[in-house]
Every structure is written in C-alpha cells, then in structure tokens.
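A.B. asks: Okay, here's the structure, questions in a sec.
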Amino acid sequence: MPNPLIDLLTEKGTLLADGATGTNLFNMGLMSGDAPELWNTDEPKKIEKLYSDSVDAGCDLFLTNSFGANASRLKLHSAEKRAHELSRVAAELGREVADRANRTVIVAGSVGPTGDIMEPVGTLSHAIAVEIFHETADGLKEGGADVGWLETISAPEEYRAAAEGFSLAGLAWCGTMSFDTAGRTMMGLTSADMVKMVDELGDHAPLGFGANCGTGASDLLRTVLGFVAQGPERPIIAKGNAGVPKYVDGHIHYDGTPALMADYAVMARACGARIVGGCCGTQPEHLRLMREALDTRTMDHPPTLDEIVDRLGAFSSTVDGTEANQPEGRRSTRRRRRAV
C-alpha cells in the first residue's frame, strides 16, 4: 500500500532522519532514571521543541518520544497502564509539529525493545511480546504517526514479535537493530543474518531496515556495507551515534563533532543507505551540517574500510561479525582522527 515515507523517499532519493532523543531531552532537564515518555503529558512543550528542532535543522523525518512507551518498560515507573496513551500523545504532538512545517515531514513512531529477554533464554513469551508491541503500535497509529519505527533491537525473536504487533495494528513500519558486539547484535545476529530475517518476514516485513546506535559511526557504516553485500531490495537505514561515548565531568559525552557527522552522512549514502540520521549524542548542530552535506556534497563510490577509518575513526573490533571480508591487519587501537 502507498505510504508517505516511501512517497517522499521516491521523490528525494535520500532522507535525513533526526538525531538523539535522550541526549536532547537531558539537555532540556530530564533527569537520569526518569521516563522520557512521561514528558509527553507532563512537559508537552519540551517534546514539541524536541521535534521542532529536528524539523528546523532540515530533517525529513523525526522519531516520536515513545521509545520506552511499552507496558514492560513503563512498569518500572508504575505506568504500565499508560502505554497506549503515552504512545498516542507522542504521535499527536509529532503530527502537530509536522503539519506546521512548510514541507512534507514524516512522523515515525519510535518503538524500542521491551527490556525483557524472550523465551527460551528468558521468560517473555512470543504471544505476550506481540501484545506489548501491538498496544504501542496502535497508540502511535491513533496519534497520527505515518510509520512505526522499531529501533535498538538485539534479538531476532523480538524483531519478529514487533513485526506481528505492527501488522495487527495496521501500521507500516521500519526496523533497525544495534550491532554493538564485534559486528553482531548482543544476541549474535550479523548484518547478513538480518537481511535474511527481514526477507523471511513476508507480509509482516518492514518498509526499510538497517542499523542504529552501536559503538560509533565507523562500525555502523561497516554494518551497512554488510547489508548491501546481500543485495537487499528494501531501503537501508543508517542511524549512527555521534562518535564514541566518553565519561566526562560526571556525564556521558559523545565525541563526534558536527563536521564528523557531516562526513558520516555523505559516506553513509555512498555505502548504500537511503535514510540517514544520527543516534546517541546527535544534536541539532550535527543535523544542520548533515543536511548541508547531503545537499551539497557527493561521494562517487562506496568508501573502503580504510577510508571509513581515516575519516571517522577506528573500528571497535577487527571483525565485522561475519568472519568474511575482514580488513587485513586492522587494529581497533588505531588512534581516532578527530574532525575539527
């Protein structure tokens, strides 16, 4: 079926997605340990600003403040019965911001992991997981989200459960996983494994898929190259962190400058990604330079692994998770080259 995301992607070729939710909300006063989703009703003006900042920076797409708006995660804050409401309001606020823009902007309903481990390793059953994701997806759809956006998933079982949940809600979706363990997800999935899994979802398959978060922009681009090597037909998403996290003065700081993220955006597109954005640490100043770079710069070839390291810094591991196409002699201890 037609979808505004696919229509805009067809029109523009490449879309700029937004940056971090948590980083920017912490800058607005969110305290560690608080549930950001509660701000949808408690601090709606701040959530509108979060969205508006992305639109003003030139993003074609932004994610709603609903990453943890599921019953499992909200239970930690005694708000499990508000999952549908908080998801709906997150999308309603986003819809208002997008509709005020003087161009088409996609509202993507963010859906994060449940925080539980699925059977047989853990206790979360497939049926309950589907129900959890369905509730969140239904709230996002009711609130006006154009598309659901699954992110930061590690387990294939959870990805499949979410796919069913989106289908039950009748909400088209995209879905990314986090490849943060030597080129694999925490549960061991490789980039090639993900392409195969997505293809096997059939009627539940996402509009697009890819990677987000992880350990830095360099690793994420190596994962994107792994996707492309499989020849997928669906659009690929790259949403990498703004550099590498470091503990500075009592808080986490990401060392990726706006200039580095501009380089990353151009290289992500050259790697084969069609939706490019940032994740942890990515702020409006990063997004503005990413927008400018995508509009004014080109790269006429997919970057080699050496080019990625030279521009964005070293990989966190010597392997890409597939035990194939490994860079000879690559060492993760090579000094990062900072953009200045």
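The values are calculated or read from the model by the stated rules, or taken from the named source; none is laboratory data. All values reported here derive from a predicted model rather than from experimental measurement. Don't worry about glycine lacking a Cβ; one is built from the backbone with ideal geometry, like all the others, and counts go over all protein chains shown. Heavy atoms of the whole protein, side chains included, go into the accessibility calculation; ligands, DNA and RNA do not. Shrake-Rupley method; radii C 1.70, N 1.55, O 1.52, S 1.80 Å.
A.B. asks: Filtering the stretch 74-106 down to residues that are touching a Pro at 6+ places or on another chain (Cβ under 8 Å) and buried (at least 17 other Cβ atoms within 10 Å of the Cβ), which residue is nearest to Phe133 (Cα to Cα)?
C.D. replies: Looking at residues that are touching a Pro at 6+ places or on another chain (Cβ under 8 Å) and buried (at least 17 other Cβ atoms within 10 Å of the Cβ), I get Val89.
A.B. asks: If you take the residues of the stretch 217-276 that are among the basic types (Lys, Arg) and out of contact with any Ser or Thr (no Cβ under 9 Å at 6 or more places or on another chain), which of them is nearest to Leu63 (Cα to Cα)?
C.D. replies: Arg234
A.B. asks: Can you find even one residue in the stretch 46-57 that is modelled with pLDDT under 95 and over 20 Å from Val89 (Cα atoms)?
C.D. replies: So far as the stretch 46-57 goes, no, none of its residues is modelled with pLDDT under 95 and over 20 Å from Val89 (Cα atoms).
A.B. asks: Regarding Thr21, is this residue exposed (fewer than 15 other Cβ atoms within 10 Å of the Cβ), modelled with pLDDT of 95 or more and of a type in the set (Val, Ile, Thr)?
C.D. replies: Spelling it out, it is not the case that Thr21 is exposed (fewer than 15 other Cβ atoms within 10 Å of the Cβ), modelled with pLDDT of 95 or more and of a type in the set (Val, Ile, Thr).
This table checks each residue for (1) of a type in the set (S, T, N, Q); (2) out of contact with any Leu (no Cβ under 6 Å at 6 or more places or on another chain); (3) at pLDDT below 95.
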{"position": "Lys246", "(1), (2), (3)": "no, yes, yes"}
{"position": "Ala265", "(1), (2), (3)": "no, no, no"}
{"position": "Arg269", "(1), (2), (3)": "no, yes, no"}
{"position": "Arg288", "(1), (2), (3)": "no, yes, no"}
{"position": "Glu292", "(1), (2), (3)": "no, yes, no"}
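A.B. asks: Can Tyr247 be described as of a type in the set (Phe, Trp, Tyr) and either at positive phi or assigned to a helix (DSSP H, G or I) (or both)?
C.D. replies: It is false that Tyr247 is of a type in the set (Phe, Trp, Tyr) and either at positive phi or assigned to a helix (DSSP H, G or I) (or both).
A.B. asks: Next up: Considering each residue of the stretch 177-236, count those that are surrounded by fewer than 24 Cβ atoms within 10 Å (Cβ to Cβ), assigned to a loop (DSSP other than H, G, I, E, B) and of a type in the set (Val, Ile, Thr), and give that number.
C.D. replies: 2
A.B. asks: Moving on. Checking Ala268 against (1) crowded, with 21+ Cβ neighbours inside 10 Å; (2) touching a Cys at 6+ places or on another chain (Cβ under 9 Å), which single condition isn't satisfied?
C.D. replies: The one condition Ala268 does not meet is (2).
A.B. asks: Could you check how many residues of the stretch 288-303 are out of contact with any strand residue (DSSP E or B) (no Cβ under 7 Å at 6 or more places or on another chain) and either over 18 Å from Val55 (Cβ atoms) or open to solvent by less than 20 Å² (accessible area, probe 1.4 Å) (or both)?
C.D. replies: Looking only at that region, the number is 9.
A.B. asks: Please state which of the following conditions Gly33 fails to meet, knowing it meets all the rest: (1) modelled with pLDDT of 95 or more; (2) open to solvent by 10 Å² or more (accessible area, probe 1.4 Å); (3) out of contact with any strand residue (DSSP E or B) (no Cβ under 9 Å at 6 or more places or on another chain).
C.D. replies: Checking Gly33 against (1) modelled with pLDDT of 95 or more; (2) open to solvent by 10 Å² or more (accessible area, probe 1.4 Å); (3) out of contact with any strand residue (DSSP E or B) (no Cβ under 9 Å at 6 or more places or on another chain), the one that fails is (1).
A.B. asks: May I ask you to list pairs of residues, at least six apart or on different chains, whose Cβ atoms are under 8 Å apart, with the first in the stretch 257-285 being of a type in the set (Gly, Ala, Ser) and the second being assigned to a helix (DSSP H, G or I) and open to solvent by 20 Å² or more (accessible area, probe 1.4 Å)?
C.D. replies: Once the first residue is of a type in the set (Gly, Ala, Ser) and sits in the stretch 257-285, its partners that are assigned to a helix (DSSP H, G or I) and open to solvent by 20 Å² or more (accessible area, probe 1.4 Å) give Ala259/Leu289; Ala262/Leu289; Ala262/Glu292; Gly272/Leu225; Gly272/Val228; Gly281/Thr23.
A.B. asks: Can I ask one more? Could you please let me know if Thr123 is polar (S, T, N, Q) and open to solvent by 60 Å² or more (accessible area, probe 1.4 Å)?
C.D. replies: In short, yes.
A.B. asks: When you look at His253, is it without any contact (Cβ under 8 Å) to a residue 40 or more places away in the chain, surrounded by fewer than 19 Cβ atoms within 10 Å (Cβ to Cβ) and not hydrophobic (A, V, I, L, M, F, W, C), yes or no?
C.D. replies: yes
A.B. asks: Of all residues in the stretch 156-176, which are part of a helix (DSSP H, G or I) and among the polar types (S, T, N, Q)?
C.D. replies: Ser167
A.B. asks: Continuing with the same structure: List the number of the failed condition for Gly165; all other conditions in (1) modelled with pLDDT of 95 or more; (2) open to solvent by 20 Å² or more (accessible area, probe 1.4 Å) hold.
C.D. replies: Result: Gly165 passes all but (2).
A.B. asks: Right, here's the next one. Using the structure shown, decide if Val276 is surrounded by 20 or more Cβ atoms within 10 Å (Cβ to Cβ), in contact with a strand residue (DSSP E or B) (Cβ under 7 Å, 6 or more places away or on another chain) and assigned to a helix (DSSP H, G or I).
C.D. replies: no
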